[in-house]
1. When the dipole is taken about the Cα centre of the chain, and only Lys, Arg (+1) and Asp, Glu (-1) are charged at their Cβ, what size is it in debye, to the nearest 20?
2. What percent does the relative contact order of the chain come to when contacts are Cα pairs within less than 8 Å and at least six residues apart?
3. As a check on your grasp of the helix formula, calculate [θ] at 222 nm for the chain: sum -39500 (n - 2.57) over DSSP H runs of n ≥ 4, divide by the residue count, round to the nearest 500.
4. Using the Cα atoms as the points, what is the convex hull volume per residue of the range 15-81 in Å³?
5. Can you pull the one-decimal nm distance between simple spin-label points at ASN114 and GLU152, each 7 Å off the Cα toward Cβ?
6. Taking every DSSP beta bridge with both residues inside the chain, roughly what % is antiparallel (nearest 5)?
7. Over the range 1-98, give the accessible area per residue in Å² for a 1.4 Å probe, as an integer.
8. Calculate the FRET efficiency for GLU21 and LYS184 from the Cβ-Cβ distance with a Förster distance of 22 Å, rounded to the nearest 0.05.
Amino acid sequence: MIHINDNSYNLQDILFVFALESEAAEEFDDTQKLLTGIGKVNAAIQLTKELQKNKPKLVINLGSAGGIGFEKGEIICCTQFIQRDMDAQALGFKKFETPLSGIPVILKNGLKLNDLPEGICGTGDSFEMNHINTEYNIVDMEAYSLALICLEENIPFLCLKYISDDAGSDAADDWAIQVHLAAKAFRKILFG
């Protein structure tokens, strides 16, 4: 049983979604665990396939991310998402707006977890190492697509990101060291 604010979910009704095995480690072997691979397209394909087979009552995305204004090792609850590599401004669309989709620039979807700081997650298919955008303060490569699919499928979505780096010039080295600590931190927050 996992408690999220005033709601409780049976473990068998929850799908835990990770990009990589190293983010889950053995800490989530006793759960319904989906490994999507890196990137928005892989995440979308794998989650869609899983939802065709099973309809969970809750999807929890857990993963490592760059964070601006947060400490390494901190866990942030993402409730808003931006597709940071969408750029059709030359066609008259807003920065990060997906043309003709009707989807707002900032996608609002995600449960809040009391006691955790909230962030706006910028998802893109590049490993960001020179953060310049002020519209988001979390940087990942999968969450936007997962949040959008859960919104479309009307499935509650919780997104927690373990801050592995500051999306700066040392991000790749920091990520390699920090990613292995994420699973234990997630397990502690979710299972006590």
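1. Magnitude of the dipole: close to 620 debye.
2. Result for the chain is 29 percent.
3. One gets -7000 deg cm²/dmol as the mean residue ellipticity at 222 nm.
4. Per residue, the Cα convex hull of the range 15-81 comes to 109 Å³.
5. 3.4 nm
6. Bridges in the chain that DSSP calls antiparallel: roughly 30 percent.
7. 48 Å²
8. With a Förster radius of 22 Å, E is 0.95.
The values are calculated or read from the model by the stated rules, or taken from the named source; none is laboratory data. Small disclaimer: the values here were computed from a predicted structure and weren't measured. Note that each Cβ is placed from the backbone with ideal geometry, even for glycine, and that neighbours are counted across all protein chains shown. For the accessible areas, the whole protein counts, side chains as well, though only heavy atoms, and no ligand, DNA or RNA atoms are used. Shrake-Rupley method; radii C 1.70, N 1.55, O 1.52, S 1.80 Å.
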